[in-house]
Every structure is written in structure tokens, then in C-alpha cells.
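Some notes on the structure that comes next.
The values are calculated or read from the model by the stated rules, or taken from the named source; none is laboratory data. Quick caveat: nothing in here was measured; it's all calculated off a predicted structure. Note that we place each Cβ from the backbone using ideal geometry, even for glycine, and neighbour counts take in every protein chain shown. The area values use the complete protein model at the heavy-atom level, side chains included, leaving out ligands, DNA and RNA. Shrake-Rupley method; radii C 1.70, N 1.55, O 1.52, S 1.80 Å.
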Amino acid sequence: MSELRRKTITGYCDPISARPGQQLDFKVCCYEDGPYEADLVRVFGGDDRPDGIGVIEEAVAAPFAGARDGRFQAIHAGSYGSLDDQDRLVGRQSFTMQAMVQPTLPGRGLNTGRQVVMGRWRAGDETGFALLLDADGALALAIGEDGSGEDGGGDDGGRRAFLSTGVPMRRGQWAFVAASYDGASGRARLVQRPLPTGPGDSLISPAIGRAETLAKNLTLGAAGAPFLFAAGHGAPKTAEFSAHFNGKIDRPRLAERALNDDEMAALSGPTVPRALTDCILGCWDFAADISSDRISDLSPHGWHGQVVNLPTRGVTGHNWDGSEHNWRHALDQYGAIHFHQDDLYDAGWQTDFSYTVPMDLPSGVYAARLRHVGHGDGNGGGDVDRIPFFVLPPKVQATADVALLVPTASYMAYANTRQRLQPNLIFGDGHPEWVNDGFLASHPEVGGSLYDSHDDRSGIHYSSRLRPVMNMKPGDNRPWGLPADLNIVAWLSHIGQEFDVITDEELHREGAALLQPYRCILTGSHPEYHSTDMLDGIATYLDQGGRLMYLGGNGFYWRIAFRDDKPGVIEVRRAEDGTRAWMSPVGEYYQSFNGEYGGLWRRNGRPPNQLVGIGFAAQGFEDSGHYERQGGADDPRAAFALAGVAAGPIGDFGSIGGGAAGEEIDRWDTRDGTPIHALVLARAANFGGDMLRTKEDFLSTMPQFDDPNVRADMVFFECPEGGAVFSTGSIAWVSSLAHDGYANNVAQITANVLRRFLDPTPFPAPP
């Protein structure tokens, strides 16, 4: 960290793409005092590797340009549920709270270690009432009166009662938990009863706990605080939430009096017992609205609410028996929500400046460039941050024959990945090598990627762009995602080829209609994540005569879902198999956003080979290889691709590993759906021992060996109505385009194909 420039300013914009006439809002945070300067740049390059093209940008006039006052904006991570109408608790002095819970970090919560399961609790001054886990992970009940401070806030003049079972709950085990308080008698009671997990469970001392105490004449405080699930309110007059619960909550219930054991047991069923209707304040069914933020109350009161910061839904409940794996078919067994103290959807920063895209601004990649004057490097040079965004052409008004389909879904999937910050065989000792990685190492609050795990070790299923995304910035990053894809932008600009920029989010919303105005579509270097609508849009475009240049590797691999009512977020379920950083729990393979089965597109019957002729073959992050010409290059159908290319290695150079075939590579394989008429034009097979075949290819563990299926295949094939596909099969391909001033065989082949794909002459059907 000491040798890296200190990051003192960053931000994000919403939305991430816009058409002329649409507005983007920029949110900025300064981590040190002082003003900053903002301006607008068009970005053409962002590969900061020693032999990369570097950051290439040109200034563009913008009304927001100039000096601005900096400010700090906090991020409040952690998910919770909040009820709408807090007045329902006014004047009540008795209660029963109960639920089924599965804690995943008992005794290890943030702040004091306490984790609120449910209640009206203000952690800042410990007022209100809450069912929670104490610092040791045991079930506890806290009751606190308001002091005499303003708004009942606190000078700590109120009385307190705290009761704990003293028996730590087991991590990952379901338990019935309840707390009751009778205001008239002052009797407080706790019940902590684990649910059995299997035949051997009786051999282990169960974490059963009961406790009682007297706390007479207590007034339930925190009248101004909301009733929450999985969190407590922060200090008075703040928007902070704390004491987050980590784990699943199922069937939470709230009654207006102290219930006995039989009544608690009756209330733990799926519906409100008729005998208890008069005393029930809330009976919430977390399965009723899995694809939304809504929380539904089954009681006659209709005390509904919503979840905040995207806790994981569509997860198995306390009663899941394995008989059904699709939550839509067994809602009664999917009544849980998994909350985390580090969940984050929207950083919630205020807008510092806005920008309405001018009607005459060319489509392209742009950035708001921020200079934090006199900060960042310790020498007065200042820190520089770039907030990228994408300008699309007017709707259904293409301004070029070529469109670069920017894989924003994949950018979101990798947003703020911390894989390189963990010591491992792939990325080394975990020491940050890039400025933005250094920032991620010291700022966990900006959230993780779909390749990271929550604090409780469960996988992160949702990723959002409504926060600073440190690895989606030109420069100061390992060239992956946008920094790598800017090599395509630089090459297109170098050869004078006009092009439009379009994005995954628009493809999901508009489908084939977004692509149809273009004669040729270019992908980025790693278009890995696709929704059903995205894949359908590309397939329809190709069926209607479109031409696609797939300039990457490991594309069209994972199925994702978007929330149409919640922009800027995607979901993945890492089901069954695949090269993955974590696995979705059994029974949780169906996406909560839309109910579709998640996992690999290959496992969903739509392998990438069917779409682009090749599919993910192997992964390795040391030296990259080069291609050798194959017989398909001499077939008259595809002779244009390597026309004029001299004999010898293709792409034995590049800023990623020194070659055009590397990192993640794809191969031709008719068994996985490659069209039988596809031609292999070139092949790379000269890899080191770190390049290993993807695990979904194996039926059992295999030793390392000289594997003929570890290869990158460059292919071409024709599509209906005169269309065609060209695929390179390597993430590293685009890093070789700029070598020797673009005078190289990688750039020549790519230009040959683009030139032919722009020729309106239809590709004839193969013989």
C-alpha cells in the first residue's frame, strides 16, 4: 500500500448509460477535506499495464466543469426489514415476539456484537425493545426506557432491562426463538429451542435456553424508532442502522400480550390461529413477495413493510424438506429471508452535479473526471478519479453500421471484486498492486462482487452499480472488464471506424430491437453474464441476418436476472456446477427476481457453443499463448479472415500475459452445440501448466495432464438470412490489438473480419 497513490476521491453516476436528452446524476465523496475539479472526457483507452495503451482521453465541454466543494458521504451497509406504520405500537406495554431463525455469525456481529432479530430498538441509546442475540450469540431480550433528552432521546436517564439465556446459539442451525413481556406484572421471558437437524443431533447437547426475570413498571422506549427486522435504529435523528442480524429469519410474529408456550407453538404455524386473532399485531409471510422488496402481513391489520439493501430472498426456510427445489412450487418452505450486515444495494449518496446528454454528443464511452486538488500522492499532485458512463445513440436511430455491445452486466458481476486481495495460487500474496485495489482493501463498506462472500461466508447473490465501482474505471486497475474493453474502442478509433455504444441493460430491456439497426455487433472481451432476454435478443438478431464478432472468452456463461422495478442490480445463482468462487446452497438454485433456474447457460440447455460456436474451455492467469493457423482459414467461405496474414504465430504479443490467447479461453466442440458447419480458423494450444480445463467438463477429479481440450479456437460460421459469427475464444485477444502501433496480425485479422461483416453482400448458406 505504501507505494500506491492514496485514493481520496471517488463516485458513481445513475444511470450508467443515457441517450441524448437524458440526465445522469453524479454522486461524489471526498475522503479528505478540500475542493475538487470536475470535467468531462471522452475515453478511448484505459489499459494501464506497462505495455498497455494507457489512459487515452480527450476533454469535452460540459456545463458542470469547474471547481466544486468536496464533502464526505457515508455508506450505510446492512439489510433489514422495516414496517410502514409505526403508530400501531403507541401505548402498548406488553408483547410477544417470536420467529424461526438460523444465525450465521452468532457472537460476531458489528458494533457491540449484538444482533437484533426484531424489535423497535434504538442501538445508539439502547432504548425500545428487541429480541436479539447478545455478544456471545445467546438469545436475549432488551428493554429500555427513553431518557429525558429531546425526542425521548437520551441522556441515559431511562431504566433498562436485559435478559439472556446465556446459551450461545449454533451457527447454521434453525431454532425457534421468542421473547415476551407483561407490562402489568413485569415478567419477562425468553425461549430458545433448536430444531432437530438429524438422527445424530440427540448425541450433542442442544443449545436450549430459557430465562425469566422481573422488570416492573418499564415503559417501552424508542417511540420514534421504526419496528425493524434484522437491525436496530442508530442514534437519534440519524438515518443509520446498526446491530444487524446475520442469518435467516422465518415466520416472525408479534402479539400485543405475553403468550404462553402453547400459544407460541400455535402462532408458529403458517397462518394466524383463530383463537389468537384478537391479540396479533403482525404475522409476516416472507415468502409472499419473493420477487420484490415487499413484506406482507397475514394478520387482519395488514401491517406491511419492505426490505432494504437487498437481503437474499428465495431461500429455504426452517421447514424445507428437499422435496421441492423451486420456490414457486412450495412457497410454504421458502418463507425465510437471509439478512447480512454487509448487504448493499444503493449507497444513497446525494447528487453533486447532473449532466443532460446533449442531442449532438456522439455515442461513446465518457467519464466525469475528478481531480482532488493537492491530495492523494503526498506530494501535492492530487488524486484523480473517473466515473465512466456510456452515451447511446437516439433510440432506433443508429448513427453507424457498427455497435460495440458493452457488457455492463459482467462489469456489475465483478464490481469491487476482492479476489486479488486474498492470498491464493492465482493472484499471489494478496498485496494490492493497483490504486483502486488499495482503496477496496481499506473500504469494505462499498460492497463486494458476485465473486466475493458475505461476512458470514455465504455467497453474494446480488450486485449493484449504485455505489462506487472501483474496478470499472479507466486506468489504476488490472485490465479486466472496462479497462480491457477500451482496447476495442481505441482500435476502432485508430482505424477510423465509426461506431455506436450500446449496453447490456438496454439489450435486456429492448431485446433484438436494440441490435437490428446495425450490420455488425462487437462484444467486449468478457461478456460472461446474460439474462434470458439478452440471450434471446442476440439469437433473434442472428436469425434475422445479423453479424456478430465475439472478441472475447468465457462469454455467455452464467444466467442472471434483472429486477425491472429496481434498476442497476443483477442476481446470479451459482447452481450445480461451473468455475465459481462459491456455491449456492442446495435448494436455492432458482433466481428470486424472476423464478428462473440459475447457474450455467450450459446447464440450462443453451450452451454458448450454440450461439457463438465456442464455449468456455480453460482458465489460467500466467503467460498467454498464441494462435496457429488451421485448415478452416483456407476454406473459401472464410478466406477473408486471414487474408494477407503472413505465416507464423498469430498474437505472440499483448499486454495480458504476452499473448493473444490467455486468461480464459473457449473451444470448438460439436458435442456442446457448435454448429457442424463452423470452421476453425486458428487454434492456440501452447499453454503452461496453470491453464486448466474448466471443471464442468469432468465427471470426476482428474490429475494435471497434457489436455487436448485446453485450447482456444477461432471460429467462423454462417447464420440464416446472410448473417455470420466470428469468435476469437480468448479474453486476451483485445490486449494484442495495439501492439506495434496496431501493425500486427491480430489487428489485421480483426479488421479483415469487420470489413467483410460490414459488406452488405449476404453470406451464402454453407454447402
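Of the trypsin sites (Lys or Arg not before Pro) in segment 27-100, which ones lie in a loop per DSSP and count no more than 15 other C-beta atoms within 10 Å?
Sparse-neighbourhood loop trypsin sites (Lys or Arg not before Pro): R71, R92.
List the chymotrypsin sites (Phe, Trp or Tyr not before Pro) within segment 700-753 that fall in a DSSP loop (any state other than H, G, I, E or B) and whose Cβ has at most 11 other Cβ atoms within 10 Å.
Here the chymotrypsin sites (Phe, Trp or Tyr not before Pro) that fit, given the DSSP loop and packing criteria, are F705.
Quickly work out the S493-to-S185 label distance, labels modelled 7 Å from Cα along the C-beta direction, and quote it in nm with one decimal.
Going from the S185 label point to the S493 one covers 7.7 nm.
Quick one: plug the Kirkwood hydrodynamic radius of segment 551-696 (C-alpha pairs) into Stokes-Einstein at 20 °C, 1.002 mPa s, and report D in µm²/s.
For these conditions, the coefficient is 125 µm²/s.
In segment 598-630, which residues have a backbone nitrogen under 15 Å from the label point lying 7 Å from Q704's Cα in the Cα-to-Cβ direction?
619-623
Only Lys, Arg, Asp and Glu count, each charged at its Cβ (+1, +1, -1, -1), so figure out the dipole size of segment 625-695 about its Cα centre, rounded to 20 debye.
Using Cβ point charges on Lys, Arg, Asp and Glu, segment 625-695 gives about 160 debye.
For helix 532-543, what angle does its Cα long axis make with the longest principal axis of the chain, in degrees from 0 to 90 and rounded to 10?
Approximately 20 degrees, to the nearest ten.
Over the chain, average the accessible area per residue using a 1.4 Å probe and give it in Å², no decimals.
36
Quick check for the chain: number of Lys pairs with alpha-carbon distance under 20 Å, counting only pairs 8 or more apart or on different chains?
4
For segment 609-693, run through the chymotrypsin sites (Phe, Trp or Tyr not before Pro) and keep only the ones in DSSP coil with at most 10 other Cβ atoms within 10 Å of their Cβ.
Taking segment 609-693 and a limit of 10 other Cβ atoms within 10 Å, no loop chymotrypsin sites (Phe, Trp or Tyr not before Pro) are found.
Take the solvent-accessible surface of the protein heavy atoms, probe 1.4 Å, and return the percent of it on segment 1-134 that carbon and sulfur atoms account for.
Its accessible area is 45 percent carbon and sulfur atoms.
Classify segment 165-324 as rounded, prolate or oblate from the Cα gyration tensor: take a ≥ b ≥ c as the square roots of its eigenvalues, call it rounded if a/c is under 1.5, otherwise prolate when a/b beats b/c and oblate if not.
Rounded shape, in that the Cα axes give a/c under 1.5.
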